[in-house]
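In what follows, a structure is listed as structure tokens, so that the remarks can point back to it.
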Amino acid sequence: MYTKQGLNCSVEEIPLNDATCIAVVIDNHTAVNGIYRSPSQRSIDPFLLSLDKLLSQYKNYRNLILAGDLNIDIKSCNEDKNSEGYLNLLASHGILPGHTYPTRESNCIDHLMIKTTFESSTIVIDAPITDHCAVLGSITKTP
């Protein structure tokens with residue numbers, strides 16, 4: 001992750017079960033979490049329990065972003081048995097998908113999940129340097 005020079009932020013590695021996570025907290029009201037969850041992890045329950053605990057710590061934050069390669073397909077009409085529990089957990093914390101477009105083959109496994117009151121946008125673009133599409137997100141803080 002990159003941050004703008006002069007931005008009041010902290011960066012730390014967050015322990016999650018069956019995943020790696022780095023968090024950038026900005027001004028104690030915005031958190032951006034970059035997460036990688038391996039596709040070899042079949043049971044999602046330990047991950048969801050630790051993610052729920054993390055999200056509970058951010059309950060008073062105005063802006064929250066989860067981004068990364070979660071290897072959970074969230075596109076409409078998917079066959080991933082982990083999708084419903086994952087999306088329900090995020091929704092219970094006020095976090096919704098920024099997109100459901102395919103990011104690898106026909107699956108949406110690279111996510112940008114957002115909770116904000118500001119205008120936000122997400123785009124998915126083909127990235128020839130990897131086998132996944134790139135997911136870019138923006139939150140516009142209006143005066």
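The values are calculated or read from the model by the stated rules, or taken from the named source; none is laboratory data. Remember, predicted model here, so these are calculated numbers, not experimental data. Cβ atoms come from the backbone with ideal geometry, glycine included; neighbour counts cover every protein chain shown. Just so you know, the surface numbers come from the protein's heavy atoms only, side chains and all, with ligands and any DNA or RNA stripped out. Shrake-Rupley method; radii C 1.70, N 1.55, O 1.52, S 1.80 Å.
Values for this structure:
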{"quantity": "Qualifying residue in region 71-82 (condition: within 14 Å of the chain's Cα centre (by Cα) and at positive phi)", "calculated": "yes"}
{"quantity": "Of all residues making up region 23-62, the number that are at pLDDT 95 or above, polar (S, T, N, Q) and touching a strand residue (DSSP E or B) at 6+ places or on another chain (Cβ under 7 Å)", "calculated": "2"}
{"quantity": "Check on I35, crowded, with 21+ Cβ neighbours inside 10 Å and farther than 15 Å from I22 by Cβ", "calculated": "no"}
{"quantity": "Scan of region 38-52 for residues that are aliphatic (A, V, I, L, M) and open to solvent by less than 20 Å² (accessible area, probe 1.4 Å), ordered by number", "calculated": "I44, L51"}
{"quantity": "Residues of region 78-87 classified as modelled with pLDDT of 95 or more and open to solvent by 40 Å² or more (accessible area, probe 1.4 Å), total", "calculated": "2"}
{"quantity": "Residue selected from region 22-32 under the condition aliphatic (A, V, I, L, M) and more than 13 Å from the chain's Cα centre (by Cα), by the criterion most open to solvent (accessible area, probe 1.4 Å)", "calculated": "I26"}
{"quantity": "Within region 112-139, tally of residues that are open to solvent by less than 60 Å² (accessible area, probe 1.4 Å) and free of Cβ contacts under 8 Å to residues at least 60 places away in the same chain", "calculated": "13"}
{"quantity": "Selection from region 4-36 of residues that are among the small types (G, A, S) and in contact with a helix residue (DSSP H, G or I) (Cβ under 6 Å, 6 or more places away or on another chain)", "calculated": "A19"}
{"quantity": "Residue that is nearest to the chain's Cα centre (by Cα) [pool: residues in region 11-21 that are assigned to a strand (DSSP E or B) and closer than 19 Å to S56 by Cβ]", "calculated": "C21"}
{"quantity": "Yes/no for Y2 being of a type in the set (F, W, Y) and modelled with pLDDT under 95", "calculated": "yes"}
{"quantity": "Residue in region 7-20 that is closer than 27 Å to I123 by Cβ, at pLDDT 95 or above, aliphatic (A, V, I, L, M) and buried (at least 19 other Cβ atoms within 10 Å of the Cβ) present", "calculated": "yes"}
{"quantity": "Every residue from region 62-77 that is without any contact (Cβ under 8 Å) to a residue 40 or more places away in the chain and open to solvent by less than 40 Å² (accessible area, probe 1.4 Å)", "calculated": "N71, I72, D73, I74"}
{"quantity": "Residue within region 88-108 that is assigned to a loop (DSSP other than H, G, I, E, B), in contact with a helix residue (DSSP H, G or I) (Cβ under 8 Å, 6 or more places away or on another chain), at pLDDT 95 or above and open to solvent by less than 70 Å² (accessible area, probe 1.4 Å) present", "calculated": "yes"}
